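Chemist: Sharing a structure below in structure tokens format, with a few things to ask.
The values are calculated or read from the model by the stated rules, or taken from the named source; none is laboratory data. Just so you know, these numbers come straight off a predicted model, no measurement behind them. So basically every Cβ, Gly included, is an ideal-geometry build from the backbone, and we count neighbours across all protein chains shown.
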Amino acid sequence: MYIIQDFEPGFYNWSSHFVLAESTYRSEVPTIAIFNSSLLKSFFNTRGYKFFKEYYFEPQMNETLKRHIDLKPIRKKKQILIYGRPSVDRNSFSLIIEALKIIVYKQPDIHGWIFCSAGESHSDVALGNGVVLRSMGKLSLDDYARTLKESAIGISLMISPHPSYPPLEMAHFGLLTITNSFANKDLSKWHQNIISIDILTPQNLCNSLIRAIEKYNDNCNIGWEGKSSTKYVNDETNFGFIDNLMNDMQNI
């Protein structure tokens, strides 16, 4: 039984590690694959990987966060929350910084906005024009929920076919959320608050952020009005395939 969280070879340069990680998807041993999301399963299927049996589960919101989202919405601050993890290449922290260094000279009301980063501790980043990205480090779930509720715009990138959880958390907490597409992944189909960039460059990210700021300036409640098209926040079981899985394990 193989729980597949992401396309693991992508975590490495083309190398021995890459081919060894990729070889685990082509094992001669009968393997039951359990994918973290239908998007990831589709990515593998379109690339010809075959397993004895395949199942998937969809992302669901953490129970602690869900308790906060059920509370009354609060008025948003002019705050932009970055999912900032400089040590994790697939979260593209450096690209986000380059985009922010562009917008601080292009957006007229930029000094009315707060920029903060959560996910990993790092030094505060001077963006230019007197604007600083403040590092909040890794937050507790309760502090993270409070930060989500008060923030107006979110940026969370993920250079992989996995949908990743922060963009979904941001969108469902009423943030206009900017992320990226990748292969078959397009999270803008999952929530009205999500803006998915097809060609990810600092300039395109900057342009998307400018549009999000304009939307907020026109309607400060727009994020709370966005609708989800997924079951990300629900109480349904996410593992209805367990009985079938047990039968499959007995039949290998």
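Chemist: Could you list all residues from the range 1-45 that are closer than 24 Å to F241 by Cβ, within 22 Å of the chain's Cα centre (by Cα) and outside any helix (DSSP H, G or I)?
Modeler: I3, I4, Q5, D6, F7, I34, F35, N36, S37
Let's see how each residue does on (1) crowded, with 18+ Cβ neighbours inside 10 Å; (2) under 16 Å from P202 (Cβ atoms):
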| position | (1), (2) |
| --- | --- |
| E98 | no, yes |
| I103 | yes, yes |
| G112 | no, no |
| E120 | no, no |
| S123 | no, no |
| V132 | no, no |
| L139 | no, no |
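Chemist: While we're on this one: Mind listing whichever residues of the range 1-52 are under 22 Å from N91 (Cα atoms) and small (G, A, S)?
Modeler: Result: G10, S15, A21, S37, S38, S42.
Chemist: So, in the range 46-70, of the ones that are in a loop (DSSP other than H, G, I, E, B) and free of Cβ contacts under 8 Å to residues at least 12 places away in the same chain, which residue ends up nearest to K138 (Cα to Cα)? Give the steps one after another, and end with the answer.
Modeler: Of the residues in the range 46-70, the ones in a loop (DSSP other than H, G, I, E, B) are 47-52, 58-62, 70.
Remaining after also requiring free of Cβ contacts under 8 Å to residues at least 12 places away in the same chain: 47-48, 50, 70.
Values: R47: 35, G48: 38, K50: 38, D70: 23 Å.
Ranking the qualifying residues of the range 46-70, first place goes to D70.
Chemist: Sticking with this structure for a sec: Can you name the residue in the range 172-210 that is part of a loop (DSSP other than H, G, I, E, B) and among the β-branched types (V, I, T) and is also farthest from T46 (Cα to Cα) among such residues?
Modeler: Looking only at the range 172-210, we keep the residues that are part of a loop (DSSP other than H, G, I, E, B), and these are 173-175, 181, 183-184, 186, 190, 192-193, 198-201.
Restricting the remaining residues to those that are among the β-branched types (V, I, T) gives 199, 201.
Values: I199: 21, T201: 26 Å.
Step by step, filter the range 172-210, then rank; the result is T201.
Chemist: Now, a different point. Going by what's in this entry, would K76 be described as crowded, with 16+ Cβ neighbours inside 10 Å, assigned to a helix (DSSP H, G or I) and more than 19 Å from the chain's Cα centre (by Cα)? Spell out the reasoning first.
Modeler: Working: crowded, with 16+ Cβ neighbours inside 10 Å: yes; assigned to a helix (DSSP H, G or I): no; more than 19 Å from the chain's Cα centre (by Cα): yes.
It is false that K76 is crowded, with 16+ Cβ neighbours inside 10 Å, assigned to a helix (DSSP H, G or I) and more than 19 Å from the chain's Cα centre (by Cα).
Chemist: From the list I197, I159, which residue is free of Cβ contacts under 8 Å to residues at least 24 places away in the same chain and in contact with a helix residue (DSSP H, G or I) (Cβ under 7 Å, 6 or more places away or on another chain)?
Modeler: On the way: I159 fails: free of Cβ contacts under 8 Å to residues at least 24 places away in the same chain.
Going through I197, I159 in turn, just one is free of Cβ contacts under 8 Å to residues at least 24 places away in the same chain and in contact with a helix residue (DSSP H, G or I) (Cβ under 7 Å, 6 or more places away or on another chain): I197.
Chemist: Taking the range 199-209, which residues are β-branched (V, I, T) and surrounded by 16 or more Cβ atoms within 10 Å (Cβ to Cβ)? It would help to see each step written out before you state the result.
Modeler: To start, the set of residues in the range 199-209 that are β-branched (V, I, T) comprises 199, 201.
If the condition is that a residue be β-branched (V, I, T) and surrounded by 16 or more Cβ atoms within 10 Å (Cβ to Cβ), then no residue fits.
Chemist: T64 is checked against (1) at pLDDT 95 or above; (2) more than 20 Å from L245 (Cα to Cα); (3) in contact with a helix residue (DSSP H, G or I) (Cβ under 6 Å, 6 or more places away or on another chain) and fails just one. What number does that condition carry?
Modeler: (1)
Chemist: Of S37, S92, which residue is in contact (Cβ under 8 Å) with a residue 24 or more places away in the chain, assigned by TED's automatic domain parsing to the domain that holds R211 and on the phi > 0 side of the Ramachandran plot?
Modeler: On the way: S37 fails: assigned by TED's automatic domain parsing to the domain that holds R211.
The conditions single out S92.
Chemist: In contact (Cβ under 8 Å) with a residue 12 or more places away in the chain, touching a Ser or Thr at 6+ places or on another chain (Cβ under 7 Å) and charged (D, E, K, R): is that true of R85 in this structure? Before the answer, list the steps.
Modeler: On the way: in contact (Cβ under 8 Å) with a residue 12 or more places away in the chain: yes; touching a Ser or Thr at 6+ places or on another chain (Cβ under 7 Å): no; charged (D, E, K, R): yes.
So R85 fails the test.
Chemist: Could you go through the range 28-46 and let me know if any residue there is in contact with a helix residue (DSSP H, G or I) (Cβ under 8 Å, 6 or more places away or on another chain), more than 30 Å from V125 (Cα to Cα) and loosely packed, with under 14 Cβ neighbours inside 10 Å.
Modeler: Residues of the range 28-46 that are in contact with a helix residue (DSSP H, G or I) (Cβ under 8 Å, 6 or more places away or on another chain), as a first pass: 32-35, 44.
If we keep only those that are more than 30 Å from V125 (Cα to Cα) as well, we get 32-35, 44.
Narrowing the set further to residues that are loosely packed, with under 14 Cβ neighbours inside 10 Å leaves none.
No: the range 28-46 contains no residue that is in contact with a helix residue (DSSP H, G or I) (Cβ under 8 Å, 6 or more places away or on another chain), more than 30 Å from V125 (Cα to Cα) and loosely packed, with under 14 Cβ neighbours inside 10 Å.
Chemist: Also: I'm checking my understanding of the structure. Among residues of the range 226-252 that are surrounded by fewer than 12 Cβ atoms within 10 Å (Cβ to Cβ) and small (G, A, S), which one is nearest to H172 (Cα to Cα)?
Modeler: Restricting to residues being surrounded by fewer than 12 Cβ atoms within 10 Å (Cβ to Cβ) and small (G, A, S), the top hit is S229.
Chemist: If the requirement is being touching a Lys or Arg at 6+ places or on another chain (Cβ under 6 Å), within 26 Å of K106 (Cα to Cα) and buried (at least 18 other Cβ atoms within 10 Å of the Cβ), which of these qualifies: I222, I178? Can you show your working first?
Modeler: On the way: I178 fails: touching a Lys or Arg at 6+ places or on another chain (Cβ under 6 Å).
Criteria check complete, one pass: I222.
Chemist: Scan L148, L81, L157 and give me the residue that is of a type in the set (A, V, I, L, M, F, W, C), crowded, with 18+ Cβ neighbours inside 10 Å, assigned to a loop (DSSP other than H, G, I, E, B) and under 18 Å from the mean Cα position of the chain (by Cα).
Modeler: Numbers: L148 fails: assigned to a loop (DSSP other than H, G, I, E, B); L81 fails: assigned to a loop (DSSP other than H, G, I, E, B).
Going through L148, L81, L157 in turn, the sole match is L157.
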